[in-house]
1. Confirm whether Ala55 is surrounded by fewer than 20 Cβ atoms within 10 Å (Cβ to Cβ) and touching a residue at least 12 places away in the same chain (Cβ under 8 Å).
2. Suppose we filter the stretch 322-360 for residues that are in contact with a helix residue (DSSP H, G or I) (Cβ under 7 Å, 6 or more places away or on another chain) and without any contact (Cβ under 8 Å) to a residue 24 or more places away in the chain; how many remain?
3. On the given criteria, is Ile358 outside any loop (DSSP other than H, G, I, E, B), modelled with pLDDT of 95 or more and over 18 Å from Leu190 (Cα atoms)?
4. The conditions are (1) modelled with pLDDT of 85 or more; (2) under 17 Å from Gly113 (Cα atoms), and Gly49 fails exactly one of them. Which is it?
5. Please specify each residue of the stretch 1-46 satisfying the condition of being assigned to a loop (DSSP other than H, G, I, E, B), in contact with a helix residue (DSSP H, G or I) (Cβ under 7 Å, 6 or more places away or on another chain) and modelled with pLDDT of 65 or more.
6. Quick one: would you say Ile367 is among the β-branched types (Val, Ile, Thr), modelled with pLDDT of 95 or more, outside any loop (DSSP other than H, G, I, E, B) and touching a strand residue (DSSP E or B) at 6+ places or on another chain (Cβ under 9 Å)?
7. Scanning for something surrounded by fewer than 19 Cβ atoms within 10 Å (Cβ to Cβ), closer than 23 Å to Cys147 by Cβ and not β-branched (Val, Ile, Thr), does the stretch 82-105 turn up at least one residue?
8. Which residues, taken from the stretch 312-321, are surrounded by fewer than 22 Cβ atoms within 10 Å (Cβ to Cβ) and touching a residue at least 40 places away in the same chain (Cβ under 8 Å)?
Amino acid sequence: MITYAQQNSEEQTDAPAQAADDHIAPAPRVSVQAFCETVETAAAVQSAGEDRRLAKAHLKIQMGGMAAAIEAYRSAPTPNVIILETEGRNDVLTGLDQLATVCDAGTRVVVIGRVNDVTLYRELVRRGVSDYVIAPAHAIDVVRAVCNLFSAPEAKAVGRVVAVVGAKGGVGASTIAHNVAWAIARDLALDSVVADLDLAFGTAGLNYNQDPAQGIADAVFSPDRVDTAFVDRLLSKCTDHLSLLAAPATLDKVYDFGAEAFDAVFDTLRTTMPCIVLDVPHQWSGWTKRALIAADDILIVAAPDLANLRNAKNMFDLLKASRPNDRAPLYCLNQVGVPKRPEIAAGEFAKAIESQPIAAIPFDPQIFGSAANNGQMIAEISANHRAVEMFLQMAQRLTGRGETKKPRGSFLSPLLEKLRSK
């Protein structure tokens, strides 16, 4: 019998691709070869190969289906993953038996077929097929099938990356990122880490009242040392569920990086942390663009003026086009309602960007200024401030969690908190 790595999977339905915001962990560096029967399936596989989650995979597409695959592997080693399209029932079972004689051990097989039958599915699983996708296959179906081969079902929630970036400098994107991360950790009880990517001027350490001796710069400048244990030593604990990978915020070095400079750090964080919030500085370079495109969800923060509208639309359009199989970027308005300042209404933003903002955070220099100067979050300064509820709603949208997980405290909670602080 062919020794494909077998993986349990749920039955496919004949519905089109599932929701684009389903979390799919990226695939590692693997080789994938597809043998298609139809041009439509070949196009879907080609589109899947351009998806960010298969960026590390090496994909090759050929026509000819099962017969071409059997002939190709008579004299060549098989890749990590084979994608086979078949149009019949008996053809696929017979073909798999023939393929078993030329296939290397450890190769995983994904079959794309038109027969929606549980008996056939069980026969495929019995022969060691890893997944069965009902045609017509969409790009996201192929992405999900390949990526799920390398991620355990119970670990799918691990490694969700949320990138927060400002449409313009000074719009408060870092403040939003830090408060949203606080809500994710405190209210949703989800273990999270904030990675401050502004190495020269980052404010995460100040906002969380942390001054760690090490941080993200140590990992970026020593990529050969990056592993789980090394990154864990660099993390600064802010709360029970929130950690910080701080920026040095010093100018003794010039922070010029290549496009892949942060890849090792992000990949390592994905393996251990359920949620990673990237505080992306307002600059446009190879590595910032790469970080945004590779994120699972993106939040653009904009102030209600013309320059922000232009920049937000440009970023929104580019990121949406670069991530066709993902949920569109989200955006929020910040510093809304500055006295005597002409502002562009939220409706005008929505009309230009063709998407509604997920929040419009009011301008409140007293509360936000006090929080920044004291190294606290808005919820710590004023628990009933209306921005606190907005941060929670954004946290829920960005993590895909619809309800809070925070347990209800007793009437002794305030006293216990004071005792802990002392």
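The values are calculated or read from the model by the stated rules, or taken from the named source; none is laboratory data. Here the structure is a predicted model, which is why all the values come from computation and not from measurement. Neighbour counts run over all protein chains shown; Cβ positions are idealised from the backbone, glycine included.
1. Yes, satisfied.
2. Matching residues across the stretch 322-360 total 1.
3. Here the answer is no, as Ile358 does not meet what is asked.
4. Failing condition for Gly49: (2).
5. If the condition is that a residue be assigned to a loop (DSSP other than H, G, I, E, B), in contact with a helix residue (DSSP H, G or I) (Cβ under 7 Å, 6 or more places away or on another chain) and modelled with pLDDT of 65 or more, then Ile24, Ala25, Pro26, Ala27, Glu37 are the ones that fit.
6. Spelling it out, it is not the case that Ile367 is among the β-branched types (Val, Ile, Thr), modelled with pLDDT of 95 or more, outside any loop (DSSP other than H, G, I, E, B) and touching a strand residue (DSSP E or B) at 6+ places or on another chain (Cβ under 9 Å).
7. Within the stretch 82-105, one or more residues are surrounded by fewer than 19 Cβ atoms within 10 Å (Cβ to Cβ), closer than 23 Å to Cys147 by Cβ and not β-branched (Val, Ile, Thr).
8. To start, the set of residues in the stretch 312-321 that are surrounded by fewer than 22 Cβ atoms within 10 Å (Cβ to Cβ) comprises 313-314, 317-321.
Within the stretch 312-321, just Lys313 meets the criteria.
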